[in-house]
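Have a look at the structure below before the remarks.
The values are calculated or read from the model by the stated rules, or taken from the named source; none is laboratory data. On a predicted model such as this, the values are computed, not experimentally measured, just so you know. Note that each Cβ is placed from the backbone with ideal geometry, even for glycine, and that neighbours are counted across all protein chains shown.
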């Protein structure tokens with residue numbers, strides 16, 4: 001799975017992930033009354049941004065909010081993504097439960113919905129992550145250091161002379177290969193990205209928090225990149241809600257293009273693209 | 001919400017929670033082909049056990065596994081529970097996400113589905129729990145020490161001279177009152193229940209792991225009870241899968257009755273019932 005991601009980054013000259021945090025209360029008014037507003041919205045965003053994104057991330061909270069209908073929107077969106085091209089698809093579910101239940105979650109996101117990756121909360125330990133890792137061709141993205149203020153409450157606690165999130169990375173990196181384990185490392189604390197990179201030189205990081213949450217792309221890259229890029233940077237609100245009007249697709253495309261251009265420049269500067277134009 | 005729970009415990013002479021971990025691969029063969037097998041199964045289990053249970057807990061993993069249809073089974077089950085009597089209903093969702101997403105999860109489980117309580121993973125800190133706590137009349141059940149082997153990996157780490165799960169309890173008990181915060185404290189480590197009880201004398205604990213996972217009811221009560229009972233003890237597999245045949249309802253009733261009888265004896269011994277017969 002890691003190689004597929006590296007190939008995508010090379011061919012698109014981008015490491016942009018777009019978060020389809022599609023909120024019924026924030027999407028443009030004129031589509032709220034259609035049959036499946038979340039899917040309509042997602043389709044338009046995907047059509048306009050697919051040239052610049054290597055990954056799309058769907059946060060389950062926004063779909064479950066709509067009940068069984070939201071679940072259908074989710075299924076239709078993932079099918080649509082598959083029909084539109086080659087993307088790395090992430091279920092941002094942040095699940096974590098005992099083995100028996102975790103197995104059901106893994107089946108749901110990997111087998112039933114066909115996602116390439118799912119975010120998993122490590123608090124309950126190894127046996128709650130193992131059922132995801134049994135899918136060798138898929139990717140398990142563990143929460144390490146998140147981008148919200150509450151990250152300080154527990155993730156930054158001193159445990160055995162390191163931060164808890166470092167201990168999470170150290171232990172969990174023994175559970176599977178860098179081919180199948182990624183980490184969520186928030187952009188709002190770029191100084192900690194460098195330390196995490198030392199701990200796991202070969203794992204990809206999914207980095208939220210650039211843009212709306214204040215993270216700085218250049219700093220994130222300086223501190224978190226490795227020789228394979230090693231980062232997917234997520235942007236949600238700044239892209240999908242770039243406009244509240246009928247031009248929301250075009251405005252999303254513009255915002256995605258701007259980020260992709262910055263990313264291409266960084267990849268070029270670091271000579272990380274295999275085939276430069 | 002806590003007072004409602006205490007009243008339920010008194011009137012039913014029980015602190016039994018039944019986990020509707022209804023697995024399409026484990027429910028009796030003869031109902032697998034009906035229109036909505038999970039709901040049919042749940043209805044039968046509820047009908048036969050409702051005299052002995054104060055709470056029902058629905059683990060979301062088993063419903064999401066069935067896609068949008070599973071979501072409908074969930075909705076129908078919670079509606080059915082409301083029609084059958086007065087129960088404390090728990091969405092065992094173990095969610096945890098940044099504030100914006102957490103708000104959607106809280107709306108989903110509290111407003112849309114109408115659960116009384118939801119389990120929440122504390123790893124991401126205060127702002128990921130706060131949207132649940134805004135529902136003052138509902139109950140937020142934080143994972144502290146879980147009943148699985150992986151609980152040793154992080155929850156039992158030494159953080160600032162205590163275990164991480166103790167630090168979770170200490171910090172989070174400042175976020176809201178014992179009326180609205182409960183903790184998951186696994187039965188497989190009853191020695192730690194006593195310590196947790198010292199930290200939070202007034203909060204209820206949701207205790208999984210009695211039965212199939214090896215926990216001992218008497219030890220759990222010795223170590224975890226307070227003057228209001230303070231415990232809900234969950235049993236799932238030992239009750240709902242007590243039989244694989246057509247008599248599964250009756251066998252579930254028998255298993256629930258046996259547990260309720262043990263619970264009533266403990267409540268009586270400790271003189272915790274307000275109106276003894």
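Some notes on this structure:
- Selection count, segment A:82-98, where residues are more than 14 Å from chain B (Cβ to nearest Cβ), assigned to a loop (DSSP other than H, G, I, E, B) and at pLDDT 95 or above: 2
- Qualifying residue in segment A:210-233 (condition: within 14 Å of chain B (Cβ to nearest Cβ) and under 27 Å from residue B:155 (Cα atoms)): no
- Test result for residue A:52, on the phi < 0 side of the Ramachandran plot, crowded, with 23+ Cβ neighbours inside 10 Å, more than 12 Å from the chain's Cα centre (by Cα) and at pLDDT 95 or above: yes
- Filter pass, residue A:62 being within 28 Å of residue A:258 (Cβ to Cβ), facing chain B (nearest Cβ under 9 Å), at pLDDT 95 or above and in a helix (DSSP H, G or I): yes
- On inspection, residue B:151 does not qualify as in contact with a strand residue (DSSP E or B) (Cβ under 7 Å, 6 or more places away or on another chain) and closer than 20 Å to residue B:16 by Cβ.
- Residue in segment B:188-198 that is farthest from the other protein chains (Cβ to nearest Cβ), counting only those that are within 19 Å of the chain's Cα centre (by Cα) and more than 14 Å from residue B:226 (Cβ to Cβ): B:190
- Single condition residue B:66 does not satisfy, out of (1) closer than 28 Å to residue A:115 by Cα; (2) crowded, with 24+ Cβ neighbours inside 10 Å; (3) touching a residue at least 40 places away in the same chain (Cβ under 8 Å): (2)
- For segment A:32-48, residues that are touching a residue at least 40 places away in the same chain (Cβ under 8 Å), surrounded by fewer than 24 Cβ atoms within 10 Å (Cβ to Cβ) and assigned to a helix (DSSP H, G or I) total 4.
- Scope segment B:206-219; condition in a strand (DSSP E or B) and either surrounded by fewer than 17 Cβ atoms within 10 Å (Cβ to Cβ) or modelled with pLDDT of 90 or more (or both); matching residues: B:206, B:207
- Subset tally (residues that are surrounded by 17 or more Cβ atoms within 10 Å (Cβ to Cβ) and not in a helix (DSSP H, G or I)) for segment A:1-26: 12
- Residue A:185 being within 10 Å of chain B (Cβ to nearest Cβ), under 18 Å from residue B:125 (Cα atoms) and touching a helix residue (DSSP H, G or I) at 6+ places or on another chain (Cβ under 8 Å): no
- Subset of segment A:73-96 [touching a residue at least 40 places away in the same chain (Cβ under 8 Å) and at positive phi]: A:94
- Entry remark, segment B:130-139: residues being within 14 Å of another protein chain (Cβ to nearest Cβ) and touching a strand residue (DSSP E or B) at 6+ places or on another chain (Cβ under 6 Å) number 2 in total.
- Odd one out for residue B:127, checked against (1) facing chain A (nearest Cβ under 9 Å); (2) in contact (Cβ under 8 Å) with a residue 24 or more places away in the chain; (3) out of contact with any helix residue (DSSP H, G or I) (no Cβ under 8 Å at 6 or more places or on another chain): (3)
- Checking residue A:79 against (1) out of contact with any helix residue (DSSP H, G or I) (no Cβ under 8 Å at 6 or more places or on another chain); (2) assigned to a strand (DSSP E or B), the condition it does not meet: (2)
- Residue in segment A:171-179 that is crowded, with 24+ Cβ neighbours inside 10 Å and more than 10 Å from every other protein chain (Cβ to nearest Cβ) present: no
- Among the residues listed as A:232, A:239, the single one being touching a residue at least 12 places away in the same chain (Cβ under 8 Å) and not in a helix (DSSP H, G or I): A:232
- Test for residue A:169: is it farther than 23 Å from residue A:72 by Cα and in contact with a strand residue (DSSP E or B) (Cβ under 7 Å, 6 or more places away or on another chain): yes
- Which listed residue, of A:29, A:112, is without any contact (Cβ under 8 Å) to a residue 24 or more places away in the chain, over 18 Å from the mean Cα position of the chain (by Cα) and either surrounded by fewer than 21 Cβ atoms within 10 Å (Cβ to Cβ) or more than 9 Å from chain B (Cβ to nearest Cβ) (or both): A:112
- Unique residue being more than 26 Å from residue A:69 (Cβ to Cβ), under 16 Å from the mean Cα position of the chain (by Cα) and at pLDDT 95 or above when the list is A:5, A:20: A:5
- When residues of segment B:65-74 are limited to those that are within 23 Å of residue A:59 (Cβ to Cβ) and more than 7 Å from chain A (Cβ to nearest Cβ), the one nearest to the chain's Cα centre (by Cα): B:74
- The lone exception for residue A:156 - which of (1) under 23 Å from residue A:91 (Cβ atoms); (2) in contact with a strand residue (DSSP E or B) (Cβ under 6 Å, 6 or more places away or on another chain) it fails: (1)
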